[in-house]
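Encoded as structure tokens, the structure appears first; notes follow it.
The values are calculated or read from the model by the stated rules, or taken from the named source; none is laboratory data. Since we're looking at a predicted model, the values are computed, not measured. Positions of Cβ are backbone-derived with ideal geometry, glycine not excepted, and every protein chain shown enters the neighbour counts. Just the protein is used for accessible areas: all its heavy atoms, side chains included, with ligands, DNA and RNA removed. Shrake-Rupley method; radii C 1.70, N 1.55, O 1.52, S 1.80 Å.
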Amino acid sequence: GDELDESPGRVRATLANGESFEEKVWFASGTTQSPMSPAQIEAKFFDCARLVFDEAQARKVFAFVSDLAGRTSFDGLWPLLKKG
């Protein structure tokens, strides 16, 4: 695979006294190796949705897409995606 796929994300902090700390994260949040929790998915959705929708509309869209497995049609989604 690509070399970047094998590289961790790194953060290093060096204190004024010279003491140094480093943290590595091998897999980003949301990857199959480090999946997001349902609460993280919901928070991410609302962070993005609030740029376009008001909270009530965003909650309706989230409720719809959260139940995709139980739906037979997307007809109810299209009206929810209209601004206003």
*Just need the Rg to Rh number for segment 33-84, please, alpha carbons only, Kirkwood Rh.*
1.00
*Fluctuation leader among PHE64, PHE21, PHE45 - the chain, Gaussian network, Cα springs under 10 angstrom*: PHE21
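Please compute the Kirkwood hydrodynamic radius over segment 14-61, one decimal place, Å, based on all pairs of different Cα atoms.
On the way: mean 1/r = 0.0729 Å⁻¹.
Across segment 14-61, the inverse of the average 1/r is 13.7 Å.
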*Excluding residues fewer than 8 places away in the same chain, name every one of the lysines whose C-alpha is closer than 30 Å to that of LYS82.*
LYS44, LYS60
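Which is the longest run of the chain containing none of the trypsin sites (Lys or Arg not before Pro) found in DSSP loop states (not H, G, I, E, B) with at most 12 other C-beta atoms within 10 Å? Numbers along the way, then the final one.
On the way: sites that count: ARG50, ARG71, LYS82, LYS83.
It works out to 1-49.
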_Can you show me the helix-derived [θ] at 222 nm for the chain, built from DSSP H runs with n ≥ 4 at -39,500 (n - 2.57) apiece and divided by the number of residues, rounded to the nearest 500._
-9000 deg cm²/dmol
*Skip the ligands, DNA and RNA, and give the accessible area per residue of segment 3-84 with a 1.4 Å probe, whole Å².*
83
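Run the numbers for ASP67 and GLU23: contour at 0.36 nm per residue of separation, minus the present Cα-Cα distance, in nm. If you can, show how the numbers build up before the last one.
Numbers: separation 44, 0.36 × 44 = 15.84 nm, distance 3.72 nm.
Result for the pair: 12.1 nm of gain on full extension.
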*asked:* Could you work out what % of the accessible surface of the chain is carbon and sulfur, using a 1.4 angstrom probe and leaving DNA, RNA and ligands out of the count?
replied: 56
*For helix 55-66, what angle does its Cα long axis make with the longest principal axis of the chain, in degrees from 0 to 90 and rounded to 10?*
90
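Given contacts defined as C-alpha pairs under 8 Å and at least six residues apart, what's the relative contact order of the chain, whole-number percent?
Working: 47 pairs, mean separation 14.0, N = 84.
About 17 percent, as a whole number.
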